[in-house]
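Bear in mind that the values in this text are calculations on the coordinates, not laboratory data. The shown structure was predicted, so the numbers you read here are calculated from the model rather than taken from an experiment. In this analysis, Cβ positions are derived from the backbone assuming ideal geometry, glycine residues included, and neighbour counts consider all displayed protein chains.
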């Protein structure tokens, strides 16, 4: 099988892997119905954000500043993997692809994740700043998505919002600790926010897809005010200013990514692609 | 105690027909692989058991979205029901309504404490939109060893998704706390 064929292999044709329907069924979290093409695309947006961020956070395990942070970032990653599984499974119902198929057998232009989640882990402050922004965004998103007219998205959101609440709390505590810590920790968190802020704008951009999902999707631009209100008191307490400066081009929702994503995917997907159907 | 009965009905929705109830009772013996003193019924993870003429359909709900123990619980439910002679057993995971620690039984909480894990304190309250606030207010967590309330959180996240790590300032022992969700 050529590489080209592998990359687009359909669900039932992972090299020599037979997909066992019974086994798969049991692994999946079932919704009441299949997703439409548009809803599937929206589920991919959200699922890919969680999947990419989880992969990034997992890289901290054994490398965080202290053991408790290995555990914390690992746990946050695990929650995000859970959300990604539900969302990618649901997305796959529209095209008869499994969650694993979508995670491991799509290439970079097919990923719909935001640029902010593919920004490198950097030092611990960069990871915390990214976590702070994304967790606050996800909390507002899922809080609203609970009321989606789509029952499956609403159920995933109702579950996820409670977990993401802990994530935003965790990152909030660290932002305060770093900002009020040593001169060095303060310098680093300021640099981290400054490096990251160009990618915040993309989170809240509306795409044409959103117009077609009125009442089902949450309009990203409608979350901006709640996001700003939520982070403002923390930044004030931390005596940090919201950075100003250029706004990155974005494009993640249409598959235009920075150079970072391909490396991340290569690491995430290499085992599955080298050994299709491997299990342990 | 109508309110309590209603709460129990939500937390442990036991089937009303005898055949399904018999299968529920068997499935309910499956324990959490990470916290083996708690059954899936104590946790409120067992959501429904339905026996029909030729099959048994079970639904579970995950505690946390990514909890890897769910796979083990699902396999154990399959095994225990198949072992009891049931055929065509299927186990489905459902997300809605979302699991909450409010569904943990009083017996389960007592077993947790005896096991050395502090049980969830207070009730889950979905927080609204808006600021998380710099400081999250929580009720005092009682040390499962010496019952002191003079404890502090060491880390939000512990050995499994559902726990955080505490230490007791009186007996100086660290302990796990099953956090409110």
Inset, instruction - For the stretch A:142-199 and the stretch A:213-275, compute the distance between their C-alpha centroids and round to whole Å. - result: 11
Inset, instruction - Using a cut-off of under 20 Å, list every residue of the stretch A:96-129 whose amide N is near the label point 7 Å from the Cα of residue A:187 along the Cα-to-beta-carbon line. - result: A:122-129
Inset, instruction - Treating the angle as unsigned and between 0 and 90°, give the value, to the nearest 10°, between the Cα long axis of helix B:69-83 and the longest Cα principal axis of chain B. - result: 30
Inset, instruction - Return B:104, B:73 ranked ascending by Cβ neighbour count within 10 Å, so the fewest neighbours appear first. - result: B:104, B:73
Inset, instruction - Please determine, in degrees from 0 to 90 and to the nearest 10, the orientation of helix A:37-58 with respect to the longest principal axis defined by the Cα atoms of chain A, where the helix direction is its Cα long axis. - result: 60
Legend entry - 5 Å binning of all Cα-Cα separations within the stretch A:232-280, expressed as whole percents from 0 upward: 5, 14, 12, 11, 12, 12, 13, 7, 6, 8, 1
Legend entry - Radius of gyration and Dmax over the Cα atoms of chain B, both given in Å: 17.8, 58
Inset, instruction - At q = 0.15, 0.18 Å⁻¹, what is the base-10 log of I(q)/I(0) for the stretch A:33-187 according to the Debye formula with one equal point scatterer per Cα and no solvent? Please give it to two decimals. - result: -0.77, -1.05
Inset, instruction - Mind checking A:229-237 for the average number of partner chain beta-carbons within 10 Å of each residue's beta-carbon? - result: 3
Inset, instruction - Measure nothing but the geometry: give the 0 to 90° angle between the long axis through the Cα atoms of A:124-145 and the longest principal axis through the Cα atoms of chain A, rounded to 10°. - result: 60
Inset, instruction - State the dimensionless ratio Rg/Rh of the stretch A:189-231 (Rg: radius of gyration of Cα atoms; Rh: Kirkwood radius). - result: 1.10
Inset, instruction - Give the span of the stretch A:184-264's Cα atoms along each principal axis, as three whole-Å numbers ordered largest to smallest. - result: 46, 33, 21
Legend entry - Where Rh is the Kirkwood radius over Cα pairs, Rg/Rh for the stretch A:100-145: 1.06
Legend entry - Choice from A:100, A:229, A:38 with maximal GNM fluctuation in chain A (Cα, 10 Å cutoff): A:229
Legend entry - Between the stretch B:1-47 and the stretch A:62-131, the Cα center-to-center distance that results, in Å: 33
Inset, instruction - Output the Kirkwood hydrodynamic radius of the stretch B:70-123, Cα pairs only, in Å rounded to one decimal. - result: 13.7
Inset, instruction - In Å³ and rounded to a whole number, note down the convex hull volume per residue for the Cα atoms of the stretch B:1-49. - result: 75
Legend entry - Stokes-Einstein D in µm²/s, Kirkwood radius over Cα pairs - the protein assembly as shown at 37 °C with 0.692 mPa s viscosity: 141
Inset, instruction - Once you've got the GNM for chain A with C-alpha springs shorter than 10 Å, pick whichever of A:193, A:204, A:132 has the biggest mean-square fluctuation. - result: A:204
Inset, instruction - Please identify, among B:75, B:17, B:42, the residue showing maximal mean-square fluctuation in a Gaussian network model of chain B using a 10 angstrom Cα cutoff. - result: B:17
Legend entry - Cα-derived Rg over Rh, computed across the stretch A:112-241 with Rh taken as Kirkwood radius: 1.00
Legend entry - Packing-based exposure ordering (other Cβ within 10 Å, fewest first) of A:159, B:179: B:179, A:159
Legend entry - Convex hull of Cα atoms in the stretch B:1-86, direction-averaged projection (nm²): 6.1
